[in-house]
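First the structure, in the form of C-alpha cells, and then the observations on it.
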Amino acid sequence: MYGIAVFTGINNCQSVAMEIPYVLVQVLLFMVISYPMVGYTWTPAKSLWFMYTMSCTLLYFLYLGMMMVSLTPNIQVASILASMFYTLQNLMCGFIIPAPQIPRWWIWLYYISPMSWTLNVFFTAQFGDATDRMVVVFGETKSIAVFMRDHFGYRRDLLSLSAIALAAFPILFAVLFGYNISKINFQRR
C-alpha cells in the first residue's frame, strides 16, 4: 500500500537531483567564457559568489519550468503560465523599476520574485565593496557601493540573507514539483 508512495518520491527526487550536475557544468562553462570577457575581478570570493548565484538562478528557472509542467494538463497551458510568470518577474525584479521606487502596494511582488534576489546577490557580491571607484550619477559623484545602496537598495551587510533567500527558490520549486507530480493527475478515464 505504501510502496507506491516510496516509488513516486524516489522518482521525483531522481528527476530533480539529476539536473544539479548538468547545471554545475553549465555554470562552469559559462563562467570560463563570460567572467573574463566582462572584466570582473578574479578573486576567489567573487568567483564563488558568481558560481553560487548562477547555479541557484539556473536551478530555479529549471525547477520552475518543471513545476509549471506538473501543474498543467498540457505544454500549451504551461507555456502560457510560464510566460505570464516570467513577464511579471522581469517587471518587478528591480531592474526596470528599482526597489526603492516601487510603490508600497506592489513591493511584495519584488520580494517574491526570484530574479530580484538574483540581481541583489549578483550585484552586491560583485560591486558592493567597490568604494574606491567613483561614478557620476544624476549629477552626483558617488562610489559604486553607495550608488547601489541608494538607487537599488542593495546592501553589502544583507548579502548572506539575500543568498539564503536565493537558495530557497530552487528548493521551493523542486518540492512543489515533487508534490504536484505525485498528487495531480490529468488522465481522463
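Measuring between their Cα centroids, segment 23-73 and segment 103-135 lie 17 Å from each other.
The 3J(HN,Hα) values that the Karplus relation (6.51, -1.76, 1.60; θ = phi - 60°) gives for segment 168-183 are, in residue order, 6, 5, x, 5, 4, 5, 5, 5, 5, 4, x, 5, 5, 5, 8, 9 Hz. Gly and Pro appear as x. Take each peptide in 46-55, 110-119, count the other Cβ atoms within 10 Å of every residue, and average; sorted highest first, the result is 110-119, 46-55.
With only Cα atoms counted, segment 112-189 has Rg and Dmax values of 19.2, 68 Å. Using the Cβ-Cβ distance between Ile33 and Ser83 with R0 set to 30 Å, the FRET efficiency from 1/(1 + (r/R0)^6) comes to roughly 0.60. Each peptide among 78-88, 159-169 gets the average number of other Cβ atoms lying within 10 Å of its residues, and from highest to lowest they stand as 159-169, 78-88. Between Val137 and Ile75, the contour length at 0.36 nm per residue exceeds the Cα-Cα span by 17.8 nm. A helix-only calculation puts the chain at -22500 deg cm²/dmol for mean residue ellipticity at 222 nm, using -39500 (n - 2.57) for each DSSP H run of at least four residues, averaged over all residues.
We did not get these values from a lab; they are worked out from the coordinates using the rules stated. Worth saying up front: this structure is predicted, and the values here are computed from it rather than measured. With ideal geometry, Cβ positions are generated from the backbone for all residues, glycine too; neighbour counts draw on all protein chains shown.
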